[in-house]
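Read through the structure below, which is laid out as structure tokens, and then see the notes.
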Amino acid sequence: MKPPASRQLPSPTQNAVAAKAGVARSTVSRALKNHPSIPEATRLHILRVAEEMGYRENPYVTANMQRVRGAHGTRSQAIIAFLTPYSLEHWYQKVLSYRKIYESARERAFHLGFELDPISLIDQSLDSRRCNDILVARGVDGVLVAPFENPFIRLRLDWTRFSIATLGFVHVRPRFSYAAANHYYNVSLVLRKLHRLGYRRIGLALPERANRYAQGTFEAAYRLYSGAQPACDRLPHFAPEDLTDWNSVKFMKWFHKNKPEVVVCLTKDVRGWLVDAGLDIPGDVGLATLSRHGAESDWSGVDQHSELVGAAGVQIIAEQLTLNQRGVPPYPRATFVEGEWAAGWTTRRLSR
């Protein structure tokens, strides 16, 4: 007969670890979460004791406590800083979807039992050391980096203290896990929908900096689609490298040379240039937007669901805190939110 399988002994409780280490249970809880309020020597001592005793945190209990806190509308002690380049009101004015991003992040944080604390860097003239001191003083556990106007930034903080995520294609160094709109999918979706409407000569117009910001995904999706079309329907995209070339003169020169039936764009500039040139939309040319909101909310195009991006960023940090993961991850991961097509007045069905 086979000997009976050995039963795994239950993991010691935090109370047992606290008694062995000679500290309070709350100190053990904070030390196991790498909370910055616990001195390094104390934290290492508690970790050694916990390891010797075979302590293992139960992730199901932790996750359930988060749900309980959220259901009762109470807050845990965890604070997530929302780092913006400017004050919230100033930041909102940069891109209309930014307000959705922040409000959804705040709502998600609240339901998970966290507090979202907005901190602006430029408006408060915070250098890295001062910003780090403020985060520690406020008891911040997680840092959510908002989209910056200049995404190619380097933030020099003591990252070992925090769980971190970034929003959008923020080219922060070092690299962290992030949540962003799936621009590759969104461009592909718009192109497929326009093709089904009968459009064949489809043009793409956006500044090159927007394509770089999205890690080349706008151009990549457009090139893949164009490569599968007949040579007569392949159009070069209008993507000036220099922003001074993003103007009506250069655009209309491209337009008249390539004669697109519909133009996919990001901003309302393109509509203004076409109207000023005496063109009727959608009679003479169609328009589709890759970011359907504000002035473009009734256009044909894709809703990026920016509200889901903010919530996804908070979720990344919540998972890191649950697993006691802080600092720069060895393998950052990305969470992409797919957009949704909506038909509007700027396109029509073409007969072929």
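Quick notes on this structure:
- Residue count, the range 172-231 (criterion: free of Cβ contacts under 8 Å to residues at least 40 places away in the same chain, among the polar types (S, T, N, Q) and in contact with a Lys or Arg (Cβ under 6 Å, 6 or more places away or on another chain)): 1
- Taken together, the residues in the range 24-78 that are among the hydrophobic types (A, V, I, L, M, F, W, C), at pLDDT 80 or above and surrounded by fewer than 18 Cβ atoms within 10 Å (Cβ to Cβ) amount to 5.
- Checking Cys131 against (1) under 22 Å from Ile101 (Cβ atoms); (2) under 18 Å from the mean Cα position of the chain (by Cα), the condition it does not meet: (2)
- Total residues in the range 268-306 satisfying the condition of being surrounded by 14 or more Cβ atoms within 10 Å (Cβ to Cβ) and in contact (Cβ under 8 Å) with a residue 12 or more places away in the chain: the figure is 27.
- Candidates Arg108, Arg161 - the one that is basic (Lys, Arg), closer than 14 Å to Ala81 by Cα and modelled with pLDDT of 90 or more: Arg108
- Boolean, Arg200 is among the charged types (D, E, K, R), in the same structural domain as Arg292 (by TED's automatic domain parsing) and at pLDDT 95 or above: yes
- Any hit, the range 219-233, residues being out of contact with any Leu (no Cβ under 9 Å at 6 or more places or on another chain) and under 25 Å from Trp345 (Cα atoms): yes
- Here Val17 passes the criteria (1) over 27 Å from Phe162 (Cβ atoms); (2) modelled with pLDDT of 85 or more except the one numbered (1).
- Per-region count, the range 90-117, residues outside any helix (DSSP H, G or I) and closer than 19 Å to Leu321 by Cα: 6
- Thr322 vs. criteria within 29 Å of the chain's Cα centre (by Cα), farther than 22 Å from Tyr92 by Cα, at pLDDT below 90 and not assigned by TED's automatic domain parsing to the domain that holds Ala231: yes
- Scanning the range 303-322 for residues that are in contact with a Lys or Arg (Cβ under 6 Å, 6 or more places away or on another chain) and within 24 Å of Arg192 (Cα to Cα) gives Asp303, Ser306.
- Conditions (1) over 14 Å from Gly203 (Cβ atoms); (2) among the polar types (S, T, N, Q); (3) not assigned by TED's automatic domain parsing to the domain that holds Val143: number failed by Thr289: (1)
The values are calculated or read from the model by the stated rules, or taken from the named source; none is laboratory data. Here the structure is a predicted model, which is why all the values come from computation and not from measurement. We place every Cβ from the backbone using ideal geometry, glycine too, and count neighbours over all the protein chains shown.
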